[in-house]
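Worksheet: the structure to be examined is printed underneath.
The values are calculated or read from the model by the stated rules, or taken from the named source; none is laboratory data. What you see is a predicted model, and the numbers here were worked out from it, not measured in a lab. So basically every Cβ, Gly included, is an ideal-geometry build from the backbone, and we count neighbours across all protein chains shown.
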Amino acid sequence: MADYSIPADLMEALKNKFPGLEIQENRDVIVPAADLIPFMSEIKDNQDYAMDFLTNLTGADYKDRFEMVYNLVSMTHGYTLMVKVRIEDKEKPEIPSLCPIWGGANWQEREIYDLMGIVFTGYTGHPTRIFLDDNFQGHPLRKDFQWQGGREA
Amino acid sequence: MENIFIGIASSLRGFFSGLGVPDLYNDIIMLVVKLVSILVFILVNALWLVYMERRVCAFMQSRLGPIHVGPKGLLQSFADIGKLLGKEIILPKGIDLVVFLLMPVLIFVPPLLIYAVIPFGKDMVAVDMNIGVFYLLAVASLSTILFWAAGWSSNNKYSLIGGMRSVAQMVSYELPLILALLGVIMLTGTLNINQIVNAQNGIWFILTQPIAFLIYFIAGVAETNRTPFCLVEGESEIIAGPYTEYSGMGFAMFFLAEYANVMIISAMCTVMFLGGWLAPFGLDFIPSWLWFFLKMYVMIFIFMWVRWTYPRIRVDQLMGFGWKVLVPLSLANIFVTGVGMYIYRAIGW
Amino acid sequence: MKTQTYSLNLGPQHPSTHGVFRIILELDGETVVKATPVPGYLHRGIEKLAEARTYTQVIPYTDRMDYLAGMLMNWGYVQAVEKLMGIEVPERAEYIRVIVGELSRIASHMIATGAYGGDIGALTAFTYTFRDREYCIDLLEMVSGSRMTFSYFRVGGVADDLPGEFYPAARKFLADLPGMCDEYDGLITGNEIFQARTKHVGVITPEMGINYSLSGPTLRGSGVNYDLRKVRPYSVYDRLNFEVPLGKNGDCFDRFRIRIEEMRQCGKIIQQALDQIPEGSIQAKVPKVIKPPVGDAYAEVESSKGVYGCYLVSDGSPKPYRVHFRRPSFINLGYLAKLCEGWKIADVIAILGSIDIVLGEVDC
Amino acid sequence: MFGQGLIKGLQITWGRLLDKKHTVKYPYEKIEMFPRFHGRFELDVEKCIACGLCANACPNKVIEMEKEKVDKKQFLTKYVMRIEYCLFCGLCVESCNKDALKFTNVLDMNQYRRSWVRLSLVDRPAPEAAEEAPKEETPAKTVKVEAAAGQAPVKEG
């Protein structure tokens, strides 16, 4: 399979700009939550990267943390990049919303809020539930979510 | 064959006068008989048209259509009506009960009134009226009020939108419809339908007034709310327009009324442009009423053909087309007809 | 005169929301002032269900997302598992995947085309496409045994080899395909009323399309050349010669037209794949119990609706720790609210239809 | 020219009006499904060793089986598929090592009641001793014949 990740020198430049950046061996990037907005703005607006397409936005619930996953694509250069953000606070997970940067983040963030309960801040009236009923209690994709019922009940 | 219906009528009249019924009452009885037979004719035809529409549509769509009930599925519409009769009439909350229930009943009144003046064959007209065309146009627009009232009383936004669309559509398409017929009336100089038919003895008006025919056809499609002007029903947008809340027989009445209206527009078309019951090419051995039905059914088929081919236009395009294209075009047609007639007379053929 | 807007609930049960989907329209007469899409009526929690099943057992659930292009849904998921495990898929299996995937794409586009005709009011187009789709589905049934929810892909290959009767049948279908497309073009695309309804309606600019993460024909209608099969070729697409149809104006008409063009291209792809398909194994060496190493992977395929991605996290057990599907229909819908503003009710239907959503996929 | 598309459309529908029809009169005429079709299940009890792989492979816990140990061999006494939950994915058939569980291309499995949909492929008592086993083959066979004939055994109710 061909390699579409960002070249090493550009990665290096990013690393210098954002010291908190952690580059994994498969070139996924782990960004501190505080740096998320500046980092995303940088790789979107800097024409060296031009990561203008937010393909995928999701999250995962681990034992000790939540992890947000962003998949970015550059339309001009063809680079792809997976950005991860760790949210250590399991009780009240919060992360800045990407809606001001990408319109496409809106629904995906609402989905993650709905199913995983990660609160996206910094965007008015956001997020709200998208799939489940507004009165629904809990967030089903969390590992501690328990649901009673179904056909066996 | 030619005089079969007239024969039945006169023998009936003779039967009643034989019983000693006075002439005045006899006339009234005959009128009632004629109207009842027209009502039966409308209903039977509407049922048949439902079947025909489904069959034609199915054939055009490479399907078989109804084939199960009766031979070739001929009794399908009866089965449908039977089913619909057995259904509960659902009354939604907040409806205007009287209007809601009255509309499906009244919906057959305008077609019935119109059929009174349509000549189905030579001397086969219930009421031979001097101002037939005028009467016809006046009565034909009544059904819009019924649609609108049905939509209004349903207490449903879709119904309301449909009702409003129906009014808007009628207002903008009644005008070109009438203006198109004006060309014919100018040529004949009469409003009597029988005389208009007779005037086409030499040449049908579709040949002398092709533009008027086209305008009439388009406006007629719009009047009957059929694709591409089926905005009133607009099933992919506003569910079923004014009929959304109707169930059971209420819905069936609207459904059948649509076909009654299609028949009227086709019958009008036949009378005004296709020579009515006149036989073309001297094929007189076929009875006149058969010619009338033949021509009417050709028109109905074209209606169906168009319906199952074209998509629906949008409401603002509908208005624009009506007012910006059809009305000026029909006015131009009247102008050209007038000038043509003047030249025609001046040359003195 | 005092006027006021009113709200209209379009859906969840509505003939042309393509399933259980609701749009709350704030209307001024017939003009839309504000549109609020409300998905979620078909949410089954497939992502959660997947966590309780083994890797293979997830496959049947994936084709319940976009049930019109089930093969492609299988493909995206299976590819993510393979990426996670580092499995090399045998060449023949890759070709089979391309063939069935493209057939699935044709089937899906046929529905999109026909349903769009139905939305605009031309119901005959709807039956024509469904009629032709049956022949396409026949081929897929021949291969996989099912007509819609195929579950044909397996980790490392496919479930079964192509049957012998498939080849002549497929070639016959491919020979008929251009004629079918011509028929749709003649009946719908060329129709002036249809063009009046769809041209310059619901225009998506390329910038907004990219900003809102749109993909598939919805994005390509705006002229953005983003087709994963070309941009980041997976499987054997780099060996196949085809074009990516692009729109110019980004209106409903372009989005619609592109699908018909894509069907023609799909035909070309299948033709080449049938010519090139090598003999060999259809299944890579995969352990009986699939246990990917700890880690995560994200893989994408170009589905009929757009970029379909699968994000997979493994904790080393036989069951996936977390599965996320990037469903193109869902993300394409994110732009709907903005797109509908200022148009008539009829246009809302036209715009929604042109995005071509499948609610099973939107709600997942 | 304006109107060309309109006329072309009319031509196409007119052509189809007289063309071959693509549907069949369904309950009287049926289209044969392809051999691989995922239709009604069929279990060859002779081959089945009651290993339970199919029940394990099922993503939706459709298969319910009961077995008893007779002469050190597993004897299948009950095999019920809760078809109402079945995805027809074929993972159970694929998992069967003995080729005992198979799809037929029988299409109609529709029933009037949801509970009747349940497909009972084997329902028989366990034999007391080894020599009685051949006797028990008969009921199993009738079940199979019933299934093939397209009538769901509706004992479950």
Matching residues, the stretch D:93-110, being part of a strand (DSSP E or B) and either small (Gly, Ala, Ser) or buried (at least 16 other Cβ atoms within 10 Å of the Cβ) (or both):
D:101, D:103
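Scan D:43, D:53, D:91 and give me the residue that is farther than 30 Å from residue B:305 by Cβ, at pLDDT 85 or above, at the interface with another protein chain (Cβ under 9 Å from one of its Cβ atoms) and in contact with a helix residue (DSSP H, G or I) (Cβ under 8 Å, 6 or more places away or on another chain). Walk me through how you get there before you give the answer.
Numbers: D:43 fails: at the interface with another protein chain (Cβ under 9 Å from one of its Cβ atoms); D:53 fails: at the interface with another protein chain (Cβ under 9 Å from one of its Cβ atoms).
It is D:91.
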One residue from B:222, B:257 being within 14 Å of chain C (Cβ to nearest Cβ), under 17 Å from the mean Cα position of the chain (by Cα) and not in a loop (DSSP other than H, G, I, E, B)
B:222
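Among what's in the stretch D:56-68 and is in a strand (DSSP E or B) and of a type in the set (A, V, I, L, M), pick the residue that is nearest to the other protein chains (Cβ to nearest Cβ). Working first, answer last.
First pass over the stretch D:56-68, keeping only residues in a strand (DSSP E or B): D:63-68.
If we keep only those that are of a type in the set (A, V, I, L, M) as well, we get D:63, D:65.
Values: D:63: 13, D:65: 17 Å.
So the residue we want is D:63.
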Please pick out the residue among B:63, B:55 that is among the basic types (Lys, Arg), part of a helix (DSSP H, G or I) and more than 15 Å from residue B:253 (Cβ to Cβ).
B:55
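Out of all the residues in the stretch C:320-364, which are assigned to a loop (DSSP other than H, G, I, E, B) and within 13 Å of chain A (Cβ to nearest Cβ)?
First pass over the stretch C:320-364, keeping only residues assigned to a loop (DSSP other than H, G, I, E, B): C:320-321, C:327, C:334-335, C:341-343, C:356-358, C:364.
Result: C:320, C:321, C:327, C:334, C:335, C:357, C:364.
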Yes or no: the stretch C:51-60 includes at least one residue that is among the charged types (D, E, K, R), at pLDDT 90 or above and over 22 Å from the mean Cα position of the chain (by Cα).
no
Residue within the stretch C:167-174 that is surrounded by fewer than 24 Cβ atoms within 10 Å (Cβ to Cβ) and under 19 Å from the mean Cα position of the chain (by Cα) present
no
Only listed residue being surrounded by fewer than 21 Cβ atoms within 10 Å (Cβ to Cβ), at the interface with chain C (Cβ under 10 Å from one of its Cβ atoms) and not small (Gly, Ala, Ser), chosen from A:89, A:28:
A:28
Among the residues of the stretch A:36-58, is there at least one that is more than 10 Å from every other protein chain (Cβ to nearest Cβ), under 28 Å from residue C:315 (Cα atoms) and part of a strand (DSSP E or B)?
no
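Look at the stretch D:17-46 and say how many of its residues are in a helix (DSSP H, G or I) and surrounded by fewer than 13 Cβ atoms within 10 Å (Cβ to Cβ). If you could, list the steps in order and put the result at the bottom.
Step one: filter the stretch D:17-46 for residues in a helix (DSSP H, G or I), giving D:17.
Then drop every residue that is not surrounded by fewer than 13 Cβ atoms within 10 Å (Cβ to Cβ), which leaves none.
Residues flagged as in a helix (DSSP H, G or I) and surrounded by fewer than 13 Cβ atoms within 10 Å (Cβ to Cβ) within the stretch D:17-46 amount to 0.
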Report, ordered by the first and then the second residue, all pairs with beta carbons closer than 7 Å, sequence separation of six or more or different chains, a first member in the stretch C:109-124 that is at the interface with chain B (Cβ under 7 Å from one of its Cβ atoms), and a second member that is basic (Lys, Arg).
C:120/B:312; C:120/C:197; C:121/B:312
The stretch A:95-115 - residue that is surrounded by 24 or more Cβ atoms within 10 Å (Cβ to Cβ) and assigned to a helix (DSSP H, G or I) and, of those, nearest to the other protein chains (Cβ to nearest Cβ)
A:107
Given B:283, B:274, B:318, which one is within 14 Å of chain C (Cβ to nearest Cβ) and out of contact with any Pro (no Cβ under 6 Å at 6 or more places or on another chain)?
B:318
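Within 14 Å of chain C (Cβ to nearest Cβ) and surrounded by fewer than 24 Cβ atoms within 10 Å (Cβ to Cβ): is that true of residue B:244 in this structure?
Working: within 14 Å of chain C (Cβ to nearest Cβ): yes; surrounded by fewer than 24 Cβ atoms within 10 Å (Cβ to Cβ): yes.
Against the criterion (within 14 Å of chain C (Cβ to nearest Cβ) and surrounded by fewer than 24 Cβ atoms within 10 Å (Cβ to Cβ)), residue B:244 qualifies.
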Evaluate the following for residue B:240: is it more than 26 Å from residue B:95 (Cα to Cα), modelled with pLDDT under 85, more than 19 Å from the chain's Cα centre (by Cα) and not aromatic (Phe, Trp, Tyr)?
no
Quick one: residue B:196 ticks every box in (1) part of a helix (DSSP H, G or I); (2) surrounded by fewer than 24 Cβ atoms within 10 Å (Cβ to Cβ) bar one, so which box is it?
(2)
Filter the stretch B:78-122 for residues that are closer than 30 Å to residue B:137 by Cα and small (Gly, Ala, Ser); the one that is modelled with the lowest pLDDT is B:121
Scan the stretch B:271-288 and give yes if some residue there is small (Gly, Ala, Ser), more than 20 Å from residue B:160 (Cα to Cα), in a helix (DSSP H, G or I) and free of Cβ contacts under 8 Å to residues at least 60 places away in the same chain, otherwise no.
yes
Could you tell me whether any residue of the stretch C:9-23 is under 19 Å from residue A:129 (Cβ atoms), facing another protein chain (nearest Cβ under 9 Å) and surrounded by fewer than 16 Cβ atoms within 10 Å (Cβ to Cβ)?
yes
Those residues that are in contact with a helix residue (DSSP H, G or I) (Cβ under 6 Å, 6 or more places away or on another chain) and surrounded by fewer than 23 Cβ atoms within 10 Å (Cβ to Cβ), I need them from the stretch B:152-169; list them, please.
B:152, B:160, B:167
Output for Cβ contacts, cut-off 8 Å, separation at least six or different chains, first residue facing chain C (nearest Cβ under 8 Å) and exposed (fewer than 11 other Cβ atoms within 10 Å of the Cβ) in the stretch A:123-141, second outside any loop (DSSP other than H, G, I, E, B) and acidic (Asp, Glu), reads none
Take the conditions facing another protein chain (nearest Cβ under 10 Å), farther than 18 Å from residue C:104 by Cα, in a loop (DSSP other than H, G, I, E, B) and modelled with pLDDT under 90 and apply them to residue C:234. Does it pass?
no
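Condition check: free of Cβ contacts under 8 Å to residues at least 12 places away in the same chain and of a type outside the set (Val, Ile, Thr). Does residue B:87 satisfy that? Working first, answer last.
Numbers: free of Cβ contacts under 8 Å to residues at least 12 places away in the same chain: no; of a type outside the set (Val, Ile, Thr): yes.
When the stated conditions are applied, residue B:87 does not pass them.
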Would you tally the residues in the stretch D:17-40 being over 24 Å from residue B:53 (Cβ atoms), within 7 Å of another protein chain (Cβ to nearest Cβ) and not hydrophobic (A, V, I, L, M, F, W, C)?
2
Does the stretch C:181-220 hold any residues that are hydrophobic (A, V, I, L, M, F, W, C), within 20 Å of the chain's Cα centre (by Cα) and within 12 Å of chain A (Cβ to nearest Cβ), and which are they?
C:204, C:210, C:214, C:219
Within the stretch B:321-346, take every residue that is touching a Pro at 6+ places or on another chain (Cβ under 8 Å) and surrounded by fewer than 21 Cβ atoms within 10 Å (Cβ to Cβ) and give me the one that is farthest from the other protein chains (Cβ to nearest Cβ).
B:327
Check the stretch D:8-16 and report whether any residue there is assigned to a helix (DSSP H, G or I) and more than 11 Å from chain C (Cβ to nearest Cβ).
yes
